[in-house]
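Sharing a structure below in structure tokens format, with a few things to ask.
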Amino acid sequence: TQLLEQSPQFLSIQEGENLTVYCNSSSVFSSLQWYRQEPGEGPVLLVTVVTGGEVKKLKRLTFQFGDARKDSSLHITAAQPGDTGLYLCAGGRGNNRLAFGKGNQVVVIP
Amino acid sequence: GAGVSQSPSNKVTEKGKDVELRCDPISGHTALYWYRQSLGQGLEFLIYFQGNSAPDKSGLPSDRFSAERTGGSVSTLTIQRTQQEDSAVYLCASSLLGTGEEEGYTFGSGTRLTVV
């Protein structure tokens with residue numbers, strides 16, 4: 001059973017469009033992180049959110065942590081080809097390790 | 001070092017052979033993690049080292065898997081009598097304070113293991 005479910009698994013959009021991907025769980029997390037992974041590389045941390053309802057912006061990326069700390073979303077405005085990658089969410093539950101979802105594969109077509 | 005270094009980057013081995021995967025974390029990082037990423041699967045936790053404390057080995061899938069961390073720095077993950085289902089990308093990560101859930105992990109590029 002996957003602790004964190006990410007949807008959609010795959011998303012292909014045109015450059016300039018907006019997109020939102022989701023990370024959902026029935027469990028409560030003390031923190032939630034988003035990573036981006038490109039082929040042949042390890043995941044790279046984008047953001048950490050720790051407070052329910054928290055919204056963080058990183059240039060064209062907006063991250064939201066649900067009020068109940070069970071879910072999160074990532075919104076990309078005016079997507080660019082450089083945004084292509086596998087977006088992974090990861091939740092912390094105070095046991096010194098992160099639980100990862102399977103990822104959202106995003107492809108931005110020039 | 002500037003980042004987390006893993007070697008080899010690729011390893012092809014015959015079923016039944018033993019393999020060793022190496023991870024060199026960022027200098028000064030107290031915590032080190034091993035994860036496994038299989039095709040179509042999320043990252044699966046394997047083992048966690050924090051300073052001089054006993055490692056958390058609860059994610060190791062079988063007794064064929066073991067890991068050690070020498071001198072609080074370099075770590076080696078050993079898989080004995082490899083099986084085809086061990087084929088995956090093995091990722092190592094480190095964090096400065098061991099509060100990876102808040103500060104986040106820095107990952108290496110991984111070792112792609114193929115068992116034939």
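The values are calculated or read from the model by the stated rules, or taken from the named source; none is laboratory data. All figures in this text were calculated on a predicted structure; none of them were measured in a lab. Ideal geometry is used to build each Cβ from the backbone, glycine not excepted, and the neighbour counts take in all protein chains shown. In case anyone asks, the SASA skips ligands and DNA or RNA and just uses the protein heavy atoms, side chains included. Shrake-Rupley method; radii C 1.70, N 1.55, O 1.52, S 1.80 Å.
Regarding the protein assembly as shown, what are the three Cα extents along the principal axes, ordered largest first, in Å?
Taking the Cα atoms of the protein assembly as shown, the three principal extents are 48, 36, 36 Å.
How much of the DSSP bridge set in the protein assembly as shown is antiparallel, in percent, rounded to the nearest 5?
Taking every DSSP beta bridge with both residues in the protein assembly as shown, the antiparallel ones total about 90 percent.
Given A:T51, A:L88, A:T20, which one lies farthest toward the positive end of the charge dipole of segment A:5-109, if we put +1 on the Cβ of every Lys and Arg and -1 on the Cβ of every Asp and Glu?
The listed residue farthest towards the positive side: A:T51.
Mind checking the mean number of beta-carbon atoms from other chains within 10 Å of the Cβ atoms in B:41-50?
Across B:41-50, the average partner-chain Cβ count within 10 Å equals 4.
Let me ask something else about it. Calculate one ³J(HN,Hα) per residue across segment B:46-54 by plugging θ = phi - 60° into the Karplus curve 6.51 cos²θ - 1.76 cosθ + 1.60, and present them in order as whole Hz with x for glycine and proline.
Ordered by residue, 3J(HN,Hα) equals 10, 7, 9, 10, 9, x, 9, 6, 4 Hz.
With a 1.4 Å probe and all protein chains left in place, how much accessible area per residue does the protein assembly as shown have, in Å²?
47
Please work out the C-alpha center-to-center distance from segment B:67-116 to segment A:19-59 and express it in whole Å.
So the two Cα centres are separated by 21 Å.
Just to be sure I understand the curve: with the Debye formula and one point per C-alpha of segment A:5-109, what is log10 I(q)/I(0) at q = 0.15, 0.19 Å⁻¹?
For the requested q values the scattering log ratios are -0.56, -0.89.
Viscosity 1.002 mPa s, temperature 20 °C: what is the translational diffusion coefficient of segment B:14-97 from Stokes-Einstein with a Kirkwood Rh over Cα pairs, rounded to a whole number of µm²/s?
Roughly 163 µm²/s, to the nearest whole number.
Now for a separate question. Nearest 100 Å² is fine: how much accessible area is buried between A and B, summed over both sides, with a 1.4 Å probe?
1600
Can you pull out the trypsin sites (Lys or Arg not before Pro) in segment A:56-102 that DSSP calls coil and that have at most 14 other Cβ atoms within 10 Å?
Of the trypsin sites (Lys or Arg not before Pro), the ones in loops of segment A:56-102 whose Cβ has at most 14 other Cβ atoms within 10 Å are A:K59, A:R60.
Given +1 on the Cβ of Lys and Arg, -1 on the Cβ of Asp and Glu, and no further charges, what dipole in debye does chain B carry about its Cα centre, rounded to the nearest 20?
Using only the charged Cβ atoms, the result is roughly 380 debye.
If you roll a 1.4 angstrom probe over the protein chains with everything in place, what fraction of the accessible area of chain B belongs to carbon and sulfur, to the nearest %?
Reported share for carbon and sulfur atoms: 45 percent.
Turning to a different aspect of this structure: Could you work out what % of the accessible surface of chain A is carbon and sulfur, using a 1.4 angstrom probe and leaving DNA, RNA and ligands out of the count?
That share works out to 48 percent.
For chain B, what does the helix formula give at 222 nm: sum of -39500 (n - 2.57) over DSSP H segments with n ≥ 4, over the residue count, nearest 500 deg cm²/dmol?
The helix contribution divided over chain B gives -500 deg cm²/dmol.
Using mean Cβ contacts within 10 Å as the protection proxy, how do A:45-52, B:52-59 order, highest first?
Taking the mean over residues of other Cβ atoms within 10 Å, the ranking is A:45-52, B:52-59.
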